[in-house]
Amino acid sequence: MAPLLVICHLRPDSLTRAAAQRVVAGLEKAGEAVRVLDLEAEDFEACLSLEEKLHYDAGPESRPELRAHFDALEWATRIVFVYPTSFSGHPARLKGWFDRVCIPGVAFDAPAGTTRAKRRLTNIRRLEVVTTHGSSRWINLLQAHSGQRLIFRSLLAVCHPLCTVRRTTIYGLDHLSEAEVQAWLDTVEARFAR
C-alpha cells in the first residue's frame, strides 16, 4: 500500500505528534514508504475563500497552490489522519483541508442532471484515524463519534467501494498516567507495523 499521513496539531510536543511519529515508525517497519502532509508545518489555509467557493466546480487546475495535496491523494492507497478531537470535531485546518482539497475533479465528480456524486478516489482502499480525546469513551459513544463522521461517511463514500476503515483512539487523557499514554503509543506503532 501507499500510505499518506495527514497530521494536524499546533504543538510540536503534543501527544498527537508523538502518535504521528509512531505511525510513521510502524509503517516503515512494515516496509511502507510514507508521504506526510503536515498541515500546521505548511501553514495550510483553513478557510475556503470566496474565490474558491465561486469557482468550486472549476476543478484542480484552478487551484495550483494545492497541487501537492491533489497529487498525494492520487498517489495514496491508504490515508491515515492523525489529529486531536476537540468539541467533537476536527481542528480547523483539517476541516479546511477537506473543504479545499476534496473537491469536484479530485475526490468526486458531480455529473449534470444527477444528485449523486461519482467517486474518484477509487485508489484509496483504507481510511484510518488516530485521534486523542480528553473526554471518556462513553461521552464519545453518546455523541456517536461525531468527529469521525466526515471521514468514515463522507470521505468513505468517494473512495474504493471496498475501502475499509479503522480507528485507534485514546480517551480520557486528563485522567491517564504517563504509563498508560506510553502503552497507547506502543499500541499505535504495533498496529501500523503489521
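Rule-based calculations on the coordinates, nothing more; no lab input. As the structure is a computational prediction, the values presented were derived from the model and not from experiment. Note that each Cβ is placed from the backbone with ideal geometry, even for glycine, and that neighbours are counted across all protein chains shown.
Values computed for the structure shown
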quantity	calculated
The chain - Cys residues lacking any other Cys C-beta under 4.7 Å	Cys8, Cys47, Cys102
Debye, to nearest 20: dipole size of the chain, +1 on Lys, Arg Cβ, -1 on Asp, Glu Cβ	900 debye
Extreme residue, positive dipole direction of the chain, given options Gly31, Ala117, Ala92 (C-beta unit charges)	Ala117
Taking the convex hull of Cα positions in the stretch 1-117, its mean projected area over all directions (nm²)	8.5 nm²
Of the trypsin sites (Lys or Arg not before Pro) in the stretch 82-122, those whose Cβ has at most 12 other Cβ within 10 Å and which sit in DSSP loop	Arg116
